[in-house]
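Notes for the one structure printed next.
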Amino acid sequence: MIPIILIFLAFALIHSITVASWFKDLCRRVFGETFMRVWYRFLYTSVSAVTSFGAIYLITQVSDRALWQGPLWFRLVMHGIQIAGFVFGAQAFQYLDKWEFMGFRQVWRYVTKGEIAGNSEGLTEKELVTTGVYGIVRHPLYVAGLIIFTFSPHITVNGLTITVLADLYFLFGMFIEERRFLKIFGDQYREYMTKVPRMVPRIFSRQGKERHNGKNALNKGGPI
C-alpha cells in the first residue's frame with residue numbers, strides 16, 4: 001500500500017505544480033508570453049500523459065492482493081456504470097475544443113500561420129459554458145473520473161487505495177477549478193453555482209420547483 005501511495009502522491013504533486021498559478025507565472029517570466037500562449041498547454045498535456053503512463057506502469061509492478069471478487073452480474077453492472085460515466089464525461093467535449101484543450105491547436109496555429117491567439121494559455125473560449133452536461137453538474141469531467149474509479153469491480157488492496165486517493169484528488173480539483181473560474185467570471189459563475197450542483201445532479205430542477213410553486217400560488221388565488 002505504501003508504494004502505491006508514494007507513486008500517486010508523486011504524480012499528484014507534479015500535476016498540481018504544473019497547474020498552479022505561481023508556476024505558470026514563473027514560466028511566463030522565464031520563457032515569455034509567446035511560450036505560454038503557444039507551448040505551455042501542449043507541454044502540460046505531454047507531461048501529464050508521460051507521468052500518467054509512468055505511474056500506471058509503476059503501480060502494475062507492485063504486488064497486489066484481492067479483497068473481494070464479485071459475481072459476473074456484479075462486474076457487468078459496475079462496468080456498465082463506468083461506461084456511462086465515461087460517456088457522460090465525453091459529452092463535455094461537445095462544448096470544448098478538445099484539440100485546444102490539449103494544446104495541439106495552439107501549436108498548429110503558430111507553426112503553420114505564425115498566429116498567437118487566445119488567453120494566457122492560448123484558449124480562445126471566452127464564454128462560461130452552462131448548457132448540456134454543464135447544466136447538470138458544474139464539473140462533468142471530474143464527476144466522470146469519480147464514477148470510473150469508484151465503480152471499479154476489481155476490489156484489491158492497490159485498487160482500493162488508488163480509488164480513495166483519486167477520488168480525494170478529484171474533489172480537491174473541483175474546489176481549485178471553482179476558485180479559478182470565480183476569478184475569471186466573477187458574479188456570473190456565482191450565479192451558475194446557485195443553479196447547478198457541483199457533482200450530484202438535482203432530481204428536480206430549480207425551474208421546475210418555481211413552476212410548481214407558481215401553480216400552487218395560482219390555485220390558491222395568491223400572487224405568482
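Applying a DSSP loop filter and a limit of 14 other Cβ atoms within 10 Å to the GluC sites (Glu not before Pro) in region 86-189 leaves Glu115, Glu125, Glu127. Taking amide H as placed 1.01 Å from N in the peptide plane, the amide H of Thr156 sits under 5 Å from that of Leu67, each at least 5 places away or on another chain. Please give the Cα centre distance for region 89-132 versus region 9-69, rounded to the nearest Å. Taking the Cα centre of each part, region 89-132 and region 9-69 sit 19 Å apart.
Given R0 = 25 Å, the distance between the Cβ atoms of Phe74 and Val157 translates into a calculated FRET efficiency of 0.85. Taking all protein chains into account, the per residue accessible area for the chain stands at 64 Å² (1.4 Å probe). Hey, with R₀ at 35 Å, roughly what FRET efficiency would Ala66 and Glu191 work out to, going by the Cβ-Cβ distance, to 0.05? Rounded to the nearest 0.05, the efficiency is 0.15.
Across every pair of non-identical alpha carbons in region 113-155, the mean reciprocal distance, once inverted, gives a Kirkwood radius of 13.4 Å.
Projected onto planes of every orientation and averaged, the convex hull of the alpha-carbon atoms in region 25-111 covers 9.1 nm².
In terms of Cα atoms, the Rg and Dmax of the chain work out to 21.4, 71 Å.
The values are calculated or read from the model by the stated rules, or taken from the named source; none is laboratory data. Given the structure is predicted, the values throughout are model-derived calculations rather than measurements. Note that we place each Cβ from the backbone using ideal geometry, even for glycine, and neighbour counts take in every protein chain shown. Ligands, DNA and RNA are stripped out before the accessible areas are found, and what is left, the full protein with its side chains, is counted by its heavy atoms. Shrake-Rupley method; radii C 1.70, N 1.55, O 1.52, S 1.80 Å.
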